[in-house]
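Read the structure below first, then the notes.
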Amino acid sequence: MKALLLIDIQLDFLPGGSLAVPGGHEILPLVNQLQPRYELVVATQDWHPANHQSFASQHPGHPVFSQIDLHGLPQTLWPDHCVQGTPGAEFSPQLDQHRIEAIFRKGTSPEIDSYSGFFDNGHRKSTGLADYLRGRGVQEVHVCGLAADYCVYFSALDALQEGFAVVFLEAATRAISPEGYQQARRQLEQRGAQFAAE
Ligand code: VGL
Ligand code: ZN
């Protein structure tokens, strides 16, 4: 069976948010239209403590969007975003939530970032999403949401590695950087992901 994964459709990633993805709001009507086509809909939520080490605010002298080494992993420094309990961490009010059966939160540990809905960036801790999907009888996941070149990309990559067939719903995602997305797309294609234009 097929599941739809809604990745990080949160206010901070939408226009007006602190880490807005260009055109992010444009995916909402399509995301809502897609949901009834799936037997299972699952969402992920970026959910950081205020002192999360991916925030430039935690590294005086290092500008937003610069790169540092964080405990041995390359880390892009982001504006503060999706802080637990703040309005920016909420799902868009335009997102239809009634078919979402489970929400997997990620990025909760201050010392490591977590782009994928399945694992942190060091693949040290699992969120349990893969086992949940297997337990529900899922073999194929279709991914959409924000951002195409970060959390949707890394979720798709981990889904492939966990043995799921993956369809990347291109029309229902937007990227932070077009170049970054082209590179991500090539990686996913090489590893066997399918791409759906709508
Ligand atoms: C994301 C950067 C930092 C995303 C999350 O959802 O794509 N990007 N945290
Ligand atoms: Zn984040």
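Structure summary
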| read-out | value |
| --- | --- |
| Pairs of alpha carbons in segment 105-166 whose separation is greater than 13 Å (percent) | 59 percent |
| Accessible-area ranking of D12, D80, largest first, probe 1.4 Å | D80, D12 |
| Rounded to whole Å, sorted largest first: equivalent-ellipsoid semi-axes of segment 35-134, Cα gyration tensor | 28, 17, 10 |
| Length-normalised contact order of the chain in % [C-alpha pairs under 8 Å, at least 6 apart] | 25 percent |
| Expected 222 nm ellipticity per residue - DSSP helices of 4 or more, -39500 (n - 2.57), all of the chain, to 500 | -5500 deg cm²/dmol |
| Dimensionless Rg over Rh [segment 10-55; C-alpha; Kirkwood] | 1.07 |
| Over segment 82-198 - Rg/Rh using Cα atoms and the Kirkwood inverse-distance radius | 0.94 |
| Listed residue (G137, Y153, S109) projecting farthest to the positive dipole end of segment 107-158, Cβ model | G137 |
| Relative contact order %, segment 1-87, counting alpha carbon pairs below 8 Å whose residues are six or more apart | 30 percent |
| Rounded accessible area per residue of segment 97-198, 1.4 Å, Å² | 47 Å² |
| Apportionment of accessible area to carbon and sulfur, segment 61-188, percent (1.4 Å) | 51 percent |
| Alpha-carbon spread of segment 61-119, three principal axes, descending order, Å | 42, 22, 16 |
| Among beta bridges that DSSP assigns inside the chain, antiparallel share in %, nearest 5 | 20 percent |
| Backbone N within segment 140-171 under 11 Å of label point (7 Å from H59 Cα along the Cβ vector) | none |
| Accessible-area ranking of L129, L160, largest first, probe 1.4 Å | L160, L129 |
| Whole-Å semi-axes of segment 1-77's equivalent ellipsoid (Cα gyration tensor) | 31, 15, 10 |
| Two-decimal Rg/Rh across the chain, once Rg and the Kirkwood Rh are taken from alpha-carbon atoms | 0.94 |
| With all protein chains modelled, accessible area of L73 [1.4 Å, Å²] | 50 Å² |
| Amide proton proximity set for L40, modelled H, under 5 Å, gap of 5+ | L4 |
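The values are calculated or read from the model by the stated rules, or taken from the named source; none is laboratory data. Treat the numbers as computed from the prediction; the structure is a model and nothing was measured. Methodologically, a virtual Cβ is constructed for each residue, glycine included, from the backbone with ideal geometry; neighbour enumeration extends over all protein chains shown. With ligands, DNA and RNA removed, areas are computed over all heavy atoms of the protein, side chains included. Shrake-Rupley method; radii C 1.70, N 1.55, O 1.52, S 1.80 Å.
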